[in-house]
Amino acid sequence: LLFGINQGGTYDDLRIEHMEAIAELDLPGYAIGGLAVGESTEVMYHILDVVLPHAPKHKPRYLMGVGNPTTLVRGVGVGIDMFDCVLPTRTGRMGTAFSSEGRLNFRNARFAHDDGPIDPTCTCPVCTGGYSRALIRHMVTQKEMLGGILLSMHNIYYLLNLMQRARQAIIEGRYGAFVSDWMNSPAAVDY
């Protein structure tokens with residue numbers, strides 16, 4: 001599908017003007033690009049607040065290049081439908097995982113003798129497959145490719161599961177509570 005990609009940096013007027021122009025094209029969907037490139041998340045959310053009222057209401061909205069759990073949760077809350085990002089696999093390859101405890105860095109010595117799964121609340125094949133934190137830490141510190149692969153698999157599963165839970169919260173009319181619970185949980189420390 002051909003999506004119109006909204007640009008304009010952090011300039012409200014340029015963003016609005018561009019979204020209004022591409023909205024006239026009646027495309028299958030609309031993306032917001034040029035964010036998550038160094039500005040603060042609060043600036044990014046300001047731009048979304050400025051731009052989204054000018055995007056077609058009944059077309060998919062796609063925020064490009066955003067992939068940490070908290071940004072996804074907040075993005076859905078302001079009307080974003082789709083995301084894409086290298087973050088789940090890049091952070092996995094670098095030795096980190098998303099979890100209910102926040103982001104975990106498996107280079108840390110605290111995992112050297114930890115026989116638990118990456119995330120005890122996760123049902124992914126890595127967390128339920130017998131791969132301990134200690135084993136994953138060993139693979140990461142020894143630069144064994146399997147460590148990064150397993151963490152990438154976990155991170156992708158984690159985000160898909162999070163979005164399934166977000167969808168269910170929307171269906172049940174409790175998304176505000178879902179966001180509040182998320183923001184007050186250790187999992188929200190994911191940067």
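At least 3 residues being aromatic (Phe, Trp, Tyr) is the threshold, and among the helices (runs of 4 or more DSSP H) wholly inside segment 101-191 those reaching it are 175-183. Contact annotation: residue pairs with Cβ atoms under 7 Å, 6 or more positions apart or on different chains, pairing a residue in segment 75-91 that is in a loop (DSSP other than H, G, I, E, B) with a partner that is of a type in the set (Phe, Trp, Tyr) and at pLDDT 95 or above, are 81/62.
Of all the listed residues (30, 45), the sole one being modelled with pLDDT of 95 or more, surrounded by 14 or more Cβ atoms within 10 Å (Cβ to Cβ) and either under 16 Å from the mean Cα position of the chain (by Cα) or within 30 Å of residue 158 (Cα to Cα) (or both) is 30.
Spot the failing condition for residue 35; the list is (1) open to solvent by less than 40 Å² (accessible area, probe 1.4 Å); (2) part of a helix (DSSP H, G or I); (3) not aromatic (Phe, Trp, Tyr), and only one is missed. It is condition (2) that residue 35 fails.
Any residue at all in segment 71-83 that's of a type in the set (Ser, Thr, Tyr), over 25 Å from residue 141 (Cα atoms) and at pLDDT below 95?
Initially, segment 71-83 is screened for residues of a type in the set (Ser, Thr, Tyr), giving 71.
Right, trim to over 25 Å from residue 141 (Cα atoms) and you get 71.
If we keep only those that are at pLDDT below 95 as well, we get 71.
Yes, segment 71-83 contains at least one residue that is of a type in the set (Ser, Thr, Tyr), over 25 Å from residue 141 (Cα atoms) and at pLDDT below 95.
Do we find that residue 81 is exposed (fewer than 15 other Cβ atoms within 10 Å of the Cβ) and of a type outside the set (A, V, I, L, M) in this structure? For residue 81, the condition - exposed (fewer than 15 other Cβ atoms within 10 Å of the Cβ) and of a type outside the set (A, V, I, L, M) - is met.
For every residue, the table says whether it meets (1) more than 18 Å from residue 77 (Cα to Cα); (2) touching a helix residue (DSSP H, G or I) at 6+ places or on another chain (Cβ under 8 Å); (3) not hydrophobic (A, V, I, L, M, F, W, C).
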site	(1), (2), (3)
157	yes, no, yes
162	no, yes, no
165	no, yes, yes
170	no, yes, no
179	no, yes, no
183	no, yes, no
186	yes, no, yes
190	no, yes, yes
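Taking the condition open to solvent by 50 Å² or more (accessible area, probe 1.4 Å) and in contact with a helix residue (DSSP H, G or I) (Cβ under 9 Å, 6 or more places away or on another chain), does residue 58 pass? In short, no. I'd like the residue in segment 142-191 that is open to solvent by 20 Å² or more (accessible area, probe 1.4 Å) and of a type in the set (Asp, Glu) and, out of all such residues, is nearest to residue 130 (Cα to Cα). This residue is 144.
The values are calculated or read from the model by the stated rules, or taken from the named source; none is laboratory data. Worth saying up front: this structure is predicted, and the values here are computed from it rather than measured. Counting neighbours? That spans all protein chains shown, and the Cβs are built from the backbone with ideal geometry, glycine included. SASA here: full protein model, heavy atoms, side chains in, ligands and nucleic acids out. Shrake-Rupley method; radii C 1.70, N 1.55, O 1.52, S 1.80 Å.
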